[in-house]
Amino acid sequence: LALEYHGDGRDPCCGFEACVFDTDWVVTDLPALAVGEGVMHQGCTFHEHVVIRGELSHFHYISGDALPAFADCHFLQELEVSDTRLQAPLFLTPPQQAPKALRLADITLESPLVLQGAVLTCVEGRNVTCLAPLSLADSRIGEFCLEECSFKDDVDLGGAWLGSLAIRRTGFHGRLSLQRCVVGQEENRSSESRAAVFRDVTMNGFVSFQGTALKTGLELDSTHRQLRPNFVECDFTKLAERHTSRETFRLIKDALDAEGNVVAANRFYAKEMRAYRRQLKGSHDYAERILLFWNAVLNDFGDSYCRPLGWIACLAVLFSLVRRLATIAWNDYLPAGAMTALAGGLQILNHVAVSVTPLRSWMVPGLEFFSLLFGVMFSILLWLTIVAIRRHIRR
């Protein structure tokens, strides 16, 4: 512990080097003395909560320069910073052991906040104004929550693992990087709130989700963007797809399409249609629901060309079976009246089918109606196969 008196009636300045704090440590209105590398706390260990609060907690040195708060420290519990303006970095050098949770409330950060490769249960920001870059790259964070914040410079979360992500009423005026992140915990299958939420968020700079893996969904419906985000190689699990809205998939599809990545855009078109089908579930728009149902069953909205080929093979077997059944003498198995009614009905249907003149040449005699029915189904499935193949290679 270092103390320095000035003889002018002011409180002594305090600096801490290699100290161990066994109880909660609250810093408010405490003039700072530079120790070690020119910080207030150098190589200290904090066993309990650390709280920095109040107008004077930006650590003015004798010369009036702002001092960084920590260098090479160990945090065994949470770090909370509130109701202050930090003119110098919070961490001059990365902590030897990062705090379990970082909570920021009603503060202004004028210097970069860098905490890379840390393991934290929670990062929470409320009413934070950040005038300098923020970097939590390659960190492992259980819950990442921002509310009513403003970031004037870049925010880097690249390579981070985020158990949950919720950003509300926040503005990003610089670059926002979520590249190569893993977002969500797939084991929380019953919790839709675990999806990555961007609600009432303004993105004035470039936003990148390149290579990000989303485990439990994404919500971008109420975001305002000046530039198209980057979603190249962005991956959704089946659970994430179920918890993502149609509008979000449409935004991703349009962004990929604008970059000329039409193959990936086609995949997200299929995801958009699946989300649209879920959206219509329970509605009274039966015609749309029936159309979407059959499109999903037959070729998965163009995402599968194997499915219509499989249906074609099944129909071929079924039509062969119908032709085989037509050669059986059903008089030995059915009553005469029933046989007469079936023969009359089939004759009427065959007469109607024959009226479709362009298709008469390949109709099986005696089975014109079934030939027409199966021919139409074969044509539809063949068209769906061609559509699916094209969507795997181009628009």
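Return the calculated 222 nm mean residue ellipticity for the chain, to the nearest 500 deg cm²/dmol, obtained by summing -39500 (n - 2.57) across DSSP H runs with n ≥ 4 and dividing by the residue count.
-9500 deg cm²/dmol
Using a Gaussian network for the chain with springs between C-alpha atoms less than 10 Å apart, which of these wobbles most: Lys271, Lys100, Lys281?
Residue with maximal mean-square fluctuation among Lys271, Lys100, Lys281: Lys281.
Take the alpha carbon atoms of region 113-153, find their center, do the same for region 258-311, and report the distance between the two centers in whole angstrom.
Measuring centre to centre over Cα atoms gives 38 Å.
Any idea how far apart Thr108 and Val322 come out in nm if each label point goes 7 Å out from Cα toward Cβ?
7.8 nm
For Thr45, what residues show an amide H to amide H distance below 5 Å, using hydrogens built from the backbone and excluding near sequence neighbours?
Here the answer is Cys19, Val20, Phe21, His74, since their amide H atoms fall under 5 Å of that of Thr45.
Highest first, please rank the peptides 169-175, 385-391 by the mean number of other Cβ atoms sitting within 10 Å of their residues.
Descending packing order for the listed peptides: 169-175, 385-391.
Enumerate the amide H contacts of Leu146 below 5 Å, restricted to partners 5 or more residues apart or on another chain; note that Pro and chain-start residues carry no placed amide H.
Gly125, Ala166, Ile167, Arg168
What accessible area per residue comes out for the chain, rounded to a whole number of Å², with a 1.4 Å probe?
Heavy-atom SASA per residue in the chain reads 50 Å².
Per residue of region 154-171, what does 6.51 cos²θ - 1.76 cosθ + 1.60 with θ = phi - 60° give for ³J(HN,Hα)? Whole Hz please, x for Gly and Pro, Karplus curve as stated.
After applying 6.51 cos²θ - 1.76 cosθ + 1.60, I find 6, 10, 10, 10, x, x, 7, 9, 10, x, 8, 9, 9, 10, 10, 6, 10, x Hz.
Could you check which residue among Ser135, Ser379, Ser355 shows the biggest mean-square fluctuation in a GNM of the chain with a 10 Å Cα cutoff?
Top of the fluctuation ranking is Ser355.
Amide H to amide H under 5 Å from Asp154: which residues, 5+ apart in sequence or cross-chain, H placed 1.01 Å off N in plane?
The answer is Leu134, Arg175.
Classify region 188-315: rounded, prolate or oblate, from the alpha-carbon gyration tensor (a ≥ b ≥ c, eigenvalue square roots; a/c under 1.5 rounded; otherwise prolate if a/b is larger than b/c)?
It comes out prolate by the Cα gyration axes.
How much of the accessible area of the chain, probe 1.4 Å, is carbon plus sulfur, in whole percent?
It is 55 percent, rounded to a whole number.
Relative to the compact-globule scaling 2.2 N^0.38 Å, provide the ratio for the alpha-carbon radius of gyration of region 80-153.
1.00
Have a look at Val155, Val263, Val364 and tell me which one the Gaussian network model of the chain (Cα, springs below 10 Å) gives the largest fluctuation.
Residue with maximal mean-square fluctuation among Val155, Val263, Val364: Val364.
Starting at the first residue of region 243-252, write each ³J(HN,Hα) from the Karplus equation 6.51 cos²θ - 1.76 cosθ + 1.60 with θ = phi - 60°, in whole Hz, x for Gly and Pro.
Per-residue couplings from phi come out as 9, 10, 7, 4, 4, 5, 5, 5, 4, 5 Hz.
So how long is each side of the chain along the principal axes, counting just the alpha-carbon atoms, biggest first, in Å?
Sorted from largest, the Cα extents of the chain read 122, 39, 33 Å.
Once phi is turned into θ = phi - 60°, what whole-Hz ³J(HN,Hα) does the Karplus curve with 6.51, -1.76 and 1.60 give for every residue of region 94-104, x standing for Gly and Pro?
x, x, 5, 9, 5, x, 5, 9, 10, 10, 10
The values are calculated or read from the model by the stated rules, or taken from the named source; none is laboratory data. The shown structure was predicted, so the numbers you read here are calculated from the model rather than taken from an experiment. Glycine also receives a Cβ, built like all others from the backbone with ideal geometry; neighbour counts cover every protein chain displayed. We work out accessible area using only protein heavy atoms, side chains counted, and drop any ligands, DNA or RNA first. Shrake-Rupley method; radii C 1.70, N 1.55, O 1.52, S 1.80 Å.
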